[in-house]
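Inspection log for the structure reproduced underneath, given as structure tokens.
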């Protein structure tokens with residue numbers, strides 16, 4: 001179990017750095033499928049394990065001046081409030097129902113991301129005017 005957990009961490013760390021994901025979905029799915037823990041335990045472990053991953057990502061992106069701190073404050077405030085509500089709901093939801101909600105959510109997100117990847121990107125490349133990289137002509 002320790003080797004599987006370490007390998008899950010390594011794969012999650014690589015994908016987190018590459019794709020900008022927190023890794024929670026990978027941690028939760030791996031916990032349930034490969035490590036044999038309940039959905040509740042997997043979710044709690046995923047949240048705790050994402051802290052060092054997030055710290056490393058923030059340091060790297062800060063060094064590259066890619067973080068919009070103004071936006072980050074608002075995202076963080078919403079995430080903290082949502083985290084309290086979500087963790088309460090998760091704790092009172094039966095394991096099997098929670099697993100189904102998790103699966104449906106990520107299936108819908110996967111389909112949406114796949115379809116959006118088929119469309120040409122119409123947004124300007126090169127950053128934004130709120131603290132990110134400046135676009136040409138700025």
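Worth a mention:
- Put in order of Cβ neighbour count within 10 Å, fewest first, the listed residues 72, 53 become 72, 53.
- Label point 7 Å beyond Cα of residue 115 along Cβ direction - residues of the range 20-37 with amide nitrogen under 19 Å: none
- Label-point separation, residue 7 to residue 97 (7 Å along Cα→Cβ), nm: 3.5
- Order of 62, 40 under a 10 Å beta carbon neighbour criterion, fewest first: 62, 40
- Within the chain, helix-based [θ] at 222 nm, where runs of 4 or more DSSP H residues each add -39,500 (n - 2.57), nearest 500: -25000 deg cm²/dmol
- Overall, the anisotropy analysis places the chain in the prolate class: the square-rooted eigenvalues a ≥ b ≥ c of its C-alpha gyration tensor yield a/c not less than 1.5, with a/b exceeding b/c.
- Residues 16, 117, ranked from the fewest to the most other C-beta atoms within 10 Å, line up as 117, 16.
Quick note: the coordinates plus some simple rules give every number you see, no bench work behind them. Note that the structure is a prediction, hence the values are computed from the model and not measured. Counting neighbours? That spans all protein chains shown, and the Cβs are built from the backbone with ideal geometry, glycine included.
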